[in-house]
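The structure appears below as structure tokens.
The values are calculated or read from the model by the stated rules, or taken from the named source; none is laboratory data. Since the structure is predicted, the reported quantities are computational estimates derived from the model, not experimental observations. No Cβ is skipped: glycine too gets one built from the backbone with ideal geometry, and neighbour counts run over all protein chains shown.
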Amino acid sequence: MTKNPFRPISQKLFFNDLAEVQPDTIIIDLFADAHFGVIEVEPGEYITDNRWKLWRTTYYKNELKDKAPKLTIDTDKEKYLEVFKKSWDTVLKKLKEAAPKSKIVLHEIQNVKEYYNFDDKKYNLINSGKVMKIDTDLYNQTLQEMHAYIEASDSSIEVINLFAGRELYLSFDEHPWGLFYVHYTMDYYVSFLDQLIAIEKKENWMDHIKRKNYRRTAIK
């Protein structure tokens with residue numbers, strides 16, 4: 001099998017960019033981890049099985065399609081969690097090395113089961129004919145376990161969870177990105193930004209100055 005062409009590019013550029021930019025905040029979202037699964041391109045080495053982007057590439061068509069083993073929540077949840085946890089440990093270590101002063105915010109998503117149609121009535125999303133059918137309960141349970149693992153990995157990680165203790169958000173037919181399990185009504189995004197701003201405001205002015213000074217030093 002041809003060596004994975006994405007590995008040196010994606011690893012080097014992403015973490016190099018972080019080291020240069022030194023962002024105030026890094027937002028973690030597990031949409032791709034839950035919905036795409038992974039492909040084992042080499043023993044113990046995985047890439048995201050992004051059916052919207054990866055499947056269009058010559059590399060996928062020639063080297064991976066019907067050849068490389070795939071792993072998803074549906075096929076083997078426990079194995080998938082094992083791979084995820086090892087991968088997160090690696091990512092967290094690299095994030096800390098590349099941008100040690102950056103704040104990490106975990107956006108805890110949830111798959112919704114219903115959506116609003118054009119008549120503003122609720123319908124079952126899985127029967128809409130517009131999305132791939134999934135076991136939403138299984139996906140949400142797995143997401144909760146992944147979120148919990150990330151939270152436990154570093155006590156400084158901030159969390160935004162708009163579904164905690166309530167189920168106010170659904171999807172809707174006119175969503176700009178299309179109908180999907182994690183494409184919510186637009187009030188969701190307003191609430192998300194409100195919480196993100198609240199997290200940012202926790203940082204006092206002196207911390208802010210220290211962060212900016214560190215950024216300038218790191219870029220030099």
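None of Glu97, Glu108, Glu151 is of a type in the set (D, E, K, R), out of contact with any helix residue (DSSP H, G or I) (no Cβ under 6 Å at 6 or more places or on another chain), surrounded by 14 or more Cβ atoms within 10 Å (Cβ to Cβ) and touching a residue at least 12 places away in the same chain (Cβ under 8 Å) except Glu151. Would you say Glu82 is without any contact (Cβ under 8 Å) to a residue 12 or more places away in the chain and in a helix (DSSP H, G or I)? Criteria met by Glu82.
Restricting the search to segment 68-79, which residues are touching a residue at least 24 places away in the same chain (Cβ under 8 Å) and not in a loop (DSSP other than H, G, I, E, B)?
Of everything in segment 68-79, those that are touching a residue at least 24 places away in the same chain (Cβ under 8 Å) and not in a loop (DSSP other than H, G, I, E, B) turn out to be Lys70, Leu71, Lys77.
I'd like the full set of residues that are closer than 23 Å to Leu81 by Cα, at pLDDT below 85 and either in a loop (DSSP other than H, G, I, E, B) or over 20 Å from the mean Cα position of the chain (by Cα) (or both), limited to segment 1-56. The one that is closer than 23 Å to Leu81 by Cα, at pLDDT below 85 and either in a loop (DSSP other than H, G, I, E, B) or over 20 Å from the mean Cα position of the chain (by Cα) (or both): Asn4.
Just for segment 170-183: of the residues that are touching a residue at least 24 places away in the same chain (Cβ under 8 Å) and surrounded by fewer than 16 Cβ atoms within 10 Å (Cβ to Cβ), which one is nearest to Phe84 (Cα to Cα)? Talk me through it step by step, then tell me what you get.
Filtering segment 170-183 down to residues touching a residue at least 24 places away in the same chain (Cβ under 8 Å) leaves 170-174, 178-182.
Of the ones still in play, those that are also surrounded by fewer than 16 Cβ atoms within 10 Å (Cβ to Cβ) are 173-174, 178.
Numbers: Asp173: 32, Glu174: 33, Gly178: 27 Å.
In this case the residue turns out to be Gly178.
Among the residues of segment 85-94, those that are free of Cβ contacts under 8 Å to residues at least 60 places away in the same chain and of a type outside the set (A, V, I, L, M, F, W, C) comprise Lys86, Ser87, Thr90, Lys93.
Listed here are the residues, each with its yes/no results for (1) basic (Lys, Arg); (2) at pLDDT below 95; (3) farther than 18 Å from Lys113 by Cβ.
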| site | (1), (2), (3) |
| --- | --- |
| Tyr169 | no, yes, no |
| Gly178 | no, yes, no |
| Tyr188 | no, yes, no |
| Leu193 | no, yes, yes |
| Ile197 | no, yes, yes |
| Glu203 | no, yes, yes |
| Arg215 | yes, yes, yes |
| Ala218 | no, yes, yes |
